Amino acid sequence: MLIEPGKLLAQVETPEDLRKLDRSQLVQLCEELRQYIIDTVSVYGGHFGASLGVVEMTVALHYAFNTPVDQLIWDVGHQAYGHKILTGRRNEFHTNRKYKGLSGFPKRKESEYDTFGVGHSSTSISAGLGMAIASQYKKDDRQHIAVIGDGAMTGGMAFEAMNHAGVSNTNLLIVLNDNCMSIDPNVGALKDYLTDITTSHTYNKVKDEVWNLLGKMSKFGKSAQEIGSKVESSMKSFLLKQSNLFESLNLRYFGPIDGHDIDHLVSVMEDLKEIPGPKILHCITTKGKGYALAEKDQTKWHAPGKFDKITGEIRKKVYDTPQPPKYQEVFGRTIVELAEKNKKIMGITPAMPSGSSLNIMMKEMPERAFDVGIAEQHAVTFSAGLATQGMVPFCNIYSTFMQRAYDQVIHDVCIQNLHVVFCLDRAGFAGADGPTHHGAYDLAYMRCIPNIVVAAPMDEPELRNMMYTSQLPREGAYCIRYPRGQGVTPDWKTPMEKIEDGTGRLIREGEDIAILTIGHIGNYAVTACEELEKLGVDAAHYDMRFVKPLDEEMLHEVFSKFDKVITVEDGCLMGGFGSAVLEFMADHGYMANVRRLGIPDRIVEHGEQLELHQECGFSPEGIRKEVMSLLDATTVAKS
């Protein structure tokens with residue numbers, strides 16, 4: 001079902017068409033664009049509130065600047081749906097986040113208007129500065145605009161980039177989209193700081209007067225402008241110390257302004273094009289603007305899935321039988337259960353309390369659970385600091401975001417042999433969020449570090465057992481990785497038991513071939529073995545549970561008994577679980593025909609998890625086919 005655009009929006013295929021409209025028509029265009037996003041996302045799903053909040057900003061940016069010659073860089077990209085619709089992709093927008101369809105984030109190979117691929121936060125200012133310096137070097141006359149939210153502004157990269165931008169003298173405009181939200185409400189001193197700016201009536205009144213004065217003085221020449229600039233700077237410093245945060249970095253600060261006043265936005269952006277050097281425009285917006293329910297509950301409506309746009313009812317599948325919980329819920333409930341008994345347990349997450357379900361602990365034990373903002377590096381070293389004082393920190397980070405804190409895992413945790421528990425959520429394929437969010441690499445990058453145990457549960461009771469085991473007295477770190485979404489066991493709240501490090505378990509005996517799995521993906525092997533049995537193949541299945549340390553006793557048993565082995569993992573093949581098994585085989589002089597199934601050495605795009613598992617050959621059917629192929633190949637070789 002294609003969504004019909006409004007009358008004006010139907011005329012806009014590209015920003016060039018947008019710039020042909022009279023400025024008086026932009027209010028209507030914004031209304032139509034907002035409605036088109038609501039209509040489309042309600043039917044097809046996707047991120048929601050963030051794009052509604054920047055409709056006017058999106059239109060103003062493409063209207064005031066000559067995109068794509070002028071370079072527009074979005075941070076994270078949740079908010080870029082309006083941008084996609086206005087840049088030639090409206091007719092394809094219904095395929096957004098679908099397998100083989102449009103990406104849910106800006107992507108360079110998708111459009112020339114997507115100047116930088118994004119998905120992780122706090123990158124836009126660094127990227128924009130790099131582009132601006134390159135243009136300066138090449139003597140290209142173009143503008144560079146980085147749009148960043150106040151949530152992403154809490155990331156360290158943003159401050160590093162502003163520190164550099166302030167001494168660069170480049171033509172860079174930073175647009176701060178301030179809505180007090182990332183996915184969950186923002187936390188920390190920066191939130192309070194921005195609030196002080198937006199609520200200072202004295203500052204804003206004088207700021208407007210200074211702005212008008214500067215405009216009048218500009219016609220009297222450079223010296224008057226310089227005097228006016230000093231007056232403006234002095235008044236800001238005197239009236240509002242907070243302005244020094246940006247201006248002490250030599251970024252000229254403008255705002256705050258209403259991010260939903262399209263006419264004023266265009267006027268200000270047109271003016272800012274004429275002001276050289278690095279500068280920041282502070283815009284106040286409302287996440288979910290124009291859809292009352294999304295404005296009221298901004299976390300829930302960040303990405304609600306399909307919904308009835310009239311009633312707001314979110315459409316969920318109805319099942320006849322009890323369904324297993326999400327791994328995230330199991331984590332959230334279990335850490336509270338453990339923390340009630342172990343007073344040393346602390347919970348830490350970098351801006352993902354709802355997604356990780358740490359919000360359950362934050363509500364019940366607020367003094368022991370911390371959202372540190374979009375700051376993965378800080379989250380890890382903060383956890384290390386807790387560990388030095390005898391606490392047992394559970395640091396919950398999405399696998400894809402842990403990549404940002406890798407040095408801290410090595411330098412601050414493992415070298416010091418500290419007891420930190422890492423819970424890596426969204427391991428494996430993240431689904432519709434695509435390659436920026438896939439947790440493809442953690443098995444490989446974690447297992448090569450000393451002083452860490454790396455484990456993956458096959459089901460919910462195993463996750464509970466690993467969490468229980470990880471908080472018992474020990475030296476060194478303990479890493480548990482698990483996927484996004486549902487587990488397999490509706491009756492999951494079982495008594496917790498200790499699992500000895502590096503011990504696997506035999507799931508199914510067999511004589512013809514051995515299938516070794518790690519983590520949740522082992523459930524595919526259960527299905528595959530049942531299908532193989534119908535074909536007369538007697539396959540053994542081992543759930544290894546640990547990639548570090550490996551269960552060497554079990555592997556000796558496997559390679560002593562089987563000359564045909566298949567490994568299955570939902571992680572990268574290079575350096576992952578299968579590689580670890582091959583290393584063991586080589587180190588101990590075994591000879592066997594080993595096939596490895598997992599994520600290949602290429603970027604896998606977005607789609608439903610099962611679609612991507614099928615594409616990469618480790619769905620139940622993929623495992624069955626690989627087993628039959630290996631058996632057939634061995635039979636041919638022997639003949």
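Want the number for Asp263 to Ile310: 0.36 nm per residue separation, take away the alpha-carbon distance, what's left?
Here the answer is 14.0 nm.
Size of the dipole of the chain about the Cα centre, Lys and Arg at +1 and Asp and Glu at -1 on the beta carbon, nothing else charged, in debye to 20?
Here the chain has a charge dipole of around 1360 debye.
Which is farthest toward the positive dipole end of the chain among Leu424, Gly156, Ile125, measuring Cα position about the Cα centre, with Cβ charges +1 (Lys, Arg) and -1 (Asp, Glu)?
Ile125
Can you tell me how much longer the chain between Lys296 and Thr95 gets when fully stretched, taken as 0.36 nm per residue apart minus their C-alpha distance, in nm with one decimal?
69.6 nm
Ratio of alpha-carbon Rg to the 2.2 N^0.38 Å globular estimate for the chain, to two decimals, please.
1.06
Between Asn417 and Lys498, what is the label-to-label distance in nm when each label sits 7 Å out along the Cα-to-Cβ direction?
1.9 nm
Take every DSSP beta bridge whose two residues both sit in the range 505-638, then give the antiparallel share in percent to the nearest 5.
15 percent
Of all trypsin sites (Lys or Arg not before Pro) in the range 273-337, which ones are in loop regions per DSSP and have a Cβ with at most 10 other Cβ atoms within 10 Å?
Lys316, Lys317
Cross-link list Lys317/Lys341; Lys98/Lys296; Lys287/Lys343; Lys20/Lys300; Lys287/Lys341; Lys316/Lys341: which exceed 31 angstrom alpha carbon to alpha carbon?
With Cα atoms farther than 31 Å apart: Lys317/Lys341; Lys287/Lys343; Lys20/Lys300; Lys287/Lys341; Lys316/Lys341.
Taking 7 Å along the Cα-to-C-beta vector as the label spot, tell me the Leu21-Ser168 distance in nanometres, rounded to one decimal.
With each label point 7 Å from Cα toward Cβ, the separation is 3.1 nm.
Relative to the first principal axis of the alpha-carbon coordinates of the chain, what is the inclination of helix 26-44, with its axis defined by its Cα atoms, in degrees from 0 to 90 and to the nearest 10?
10 degrees
Take Phe159 and Asp320, extend 7 Å from each Cα along the Cα→Cβ direction, and tell me the distance between the two endpoints in nm.
Between Phe159 and Asp320, the label points sit 5.7 nm apart.
As I understand it, the value is the acute angle between the Cα axis of helix 262-272 and the longest principal axis of the Cα atoms of the chain; what does it come to in degrees, rounded to 10?
Approximately 80 degrees, to the nearest ten.
If packing is taken as the average number of other Cβ atoms within 10 Å across a peptide's residues, how do 355-362, 424-431, 28-35 rank, most packed first?
424-431, 355-362, 28-35
Each value in this text was obtained by applying a stated rule to the coordinates, not by laboratory testing. Predicted model, so just to flag it, every value in this text is computed and none were measured. A quick note on method: Cβ atoms are made from the backbone with ideal geometry, for glycine too, and the neighbour counts reach across all protein chains shown.
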